[in-house]
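K.L.:
Structure in structure tokens, see below.
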Amino acid sequence: MKTQATPDITPTFSTARFSVAPMLDWTDRHCRYFHRILSKNALLYTEMVTTGAIIHGKGDFLAFNEEEHPVALQLGGSNPVDLATCAKLAVERGYDEINLNVGCPSDRVQNGRFGACLMGEAELVAQCVLAMKEVVDIPVTLKTRIGIDDQDSYEFLVDFVRTVSEKGGCDNFTIHARKAWLSGLSPKENREIPPLDYPRVYQLKKDFPHLTMAINGGIKSLEEAEEHLKYLDGVMIGREAYQSPYMLAEVDNRLFGGDVPIIKRSDAVKAMFPYIEVELSKGTYLNHISRHMLGLFQNMPGARQWRRYISENAHKPGSGVEVLEAALAKIPAHLDV
């Protein structure tokens, strides 16, 4: 009997497998362009954009570069009609996913009746998700916490997820594995003080195996990400990916089954030059872009000099790529691997 060779099969993974968290004032379009140079597969999120800003604001709050795909728009809002309007606009602009913020605990967000406080209004969240799903053909996902204030039992979390999934049709959740205190703690403190509870998120996936579940909160390495992926469908990393962005260079090979050369740090900087030149010609200041690159050489000899040179020079009128070239010279060449 003849046997046939089994063809090599490259595994395919959902974009939810690894993502960089939406971070206000950090994950703007310049940041996302830079992150995309480091990883082709990581799902990138916008900063949270409110429905009011999109509908009534004077700026273009939906701008992004085609090179950023796959890219998700994170919306803040609680009016189903407004969210549906913004979702349709996002599809027209070419976004790959819409994500509803049900995790931000800031006072300003609460005053607008969105963010983490919506965990206490599961029926409304379901209506919001359903309104968006009815008008778009791209995924509508949710980012939330494991609880709020004294509503922090596992049963509360289960009821919330069940309501939003069954009545809203949401099948993709990213869970920040901390609860949020809606009063008494700042947003920064809410990212650090409430204890992490990873097992609770693992249990949620067991109880809702048909839903896509990603985890967020306190994850600092790809080793940790690989451990979480034994129990969940995806991992979202925020501050660590921003402050030490070179970790993204290994994502495609380690988490998406890739087999490609890992870009050198200096080559990642140089790959930004054409983008920077175009942006400078439009009136963008260099420091608006270079600030996202400061952590590229984190924990390496010369890293402090790299950061200092850029910080002292990128804001000056007329600054261009020569600032980054000079900053690169501060890094010992034999260490650029």
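The values are calculated or read from the model by the stated rules, or taken from the named source; none is laboratory data. It should be emphasised that the depicted structure is a prediction, and the values quoted were computed from it without experimental measurement. Reconstructed Cβ throughout: ideal geometry from the backbone, glycine too, with neighbour counts over all protein chains shown. Heads up: the accessible areas ignore ligands, DNA and RNA and are worked out on the full protein's heavy atoms, side chains in. Shrake-Rupley method; radii C 1.70, N 1.55, O 1.52, S 1.80 Å.
K.L.:
Taking all protein chains as present, what is the carbon and sulfur share of the accessible area of the chain, in % to the nearest whole number, probe 1.4 Å?
P.N.:
Details: 7930 of 15750 Å².
Using a 1.4 Å probe with all protein chains present, the chain comes out at 50 percent carbon and sulfur.
K.L.:
Same structure, new question: Going by average Cβ density within 10 Å per residue, which order do the peptides 14-20, 244-250, 227-233 take, highest to lowest?
P.N.:
Numbers: 14-20: 22.6, 244-250: 19.9, 227-233: 16.4.
Descending packing order for the listed peptides: 14-20, 244-250, 227-233.
K.L.:
Nearest 500 deg cm²/dmol is fine: what mean residue ellipticity at 222 nm does the chain get from its DSSP H runs of n ≥ 4 alone, each adding -39,500 (n - 2.57), divided by its residue count?
P.N.:
On the way: 16 runs with 133 residues, N = 337.
Calculated from helices alone, the mean residue ellipticity at 222 nm is -11000 deg cm²/dmol.
K.L.:
List the residues whose amide H sits under 5 Å from the amide H of residue 43, counting only those 5 or more places along or on another chain, with H placed 1.01 Å from N in the peptide plane.
P.N.:
18, 19, 20
K.L.:
Give the peptides 73-83, 135-145 in descending order of average Cβ contacts within 10 Å, highest first. If you can, show how the numbers build up before the last one.
P.N.:
Details: 73-83: 21.7, 135-145: 20.0.
Descending packing order for the listed peptides: 73-83, 135-145.
K.L.:
Restricting to DSSP loop positions (anything but H, G, I, E, B) with no more than 11 other Cβ atoms inside 10 Å of their own Cβ, which chymotrypsin sites (Phe, Trp or Tyr not before Pro) remain in region 145-207? Each step should come with its number before you reach the end.
P.N.:
Numbers: sites: 154, 156, 160, 173, 181, 202; in loops: 181.
For chymotrypsin sites (Phe, Trp or Tyr not before Pro) across region 145-207 that sit outside H, G, I, E and B with at most 11 neighbouring Cβ atoms in 10 Å, the list is empty.
K.L.:
Report, by chain and number, residues whose modeled amide H sits under 5 Å from the one on residue 141, excluding near sequence neighbours (fewer than 5 apart, same chain).
P.N.:
98, 99, 100
K.L.:
At 7 Å along Cα-to-Cβ for each site, give me the label-to-label distance between residue 271 and residue 207 in nm.
P.N.:
The modelled label-to-label distance comes out at 4.2 nm.
K.L.:
If you roll a 1.4 Å probe over the heavy atoms of the protein chains, what accessible area per residue do you get for the chain, in Å²? If you can, show how the numbers build up before the last one.
P.N.:
On the way: 15750 Å² over 337 residues.
Spelled out: the 1.4 Å probe surface of the chain, per residue, equals 47 Å².
K.L.:
Go through 33-42, 92-101 and give me the packing order, highest mean Cβ count within 10 Å leading. Spell out each step's value before the answer.
P.N.:
Numbers: 33-42: 20.9, 92-101: 19.1.
Averaged packing, sorted descending, gives the order 33-42, 92-101.
K.L.:
By how many nm would the segment from residue 288 to residue 326 lengthen if fully extended, with 0.36 nm per residue of separation less the alpha-carbon distance? Please list the in-between numbers first.
P.N.:
On the way: separation 38, 0.36 × 38 = 13.68 nm, distance 1.78 nm.
Difference between extended and current length: 11.9 nm.
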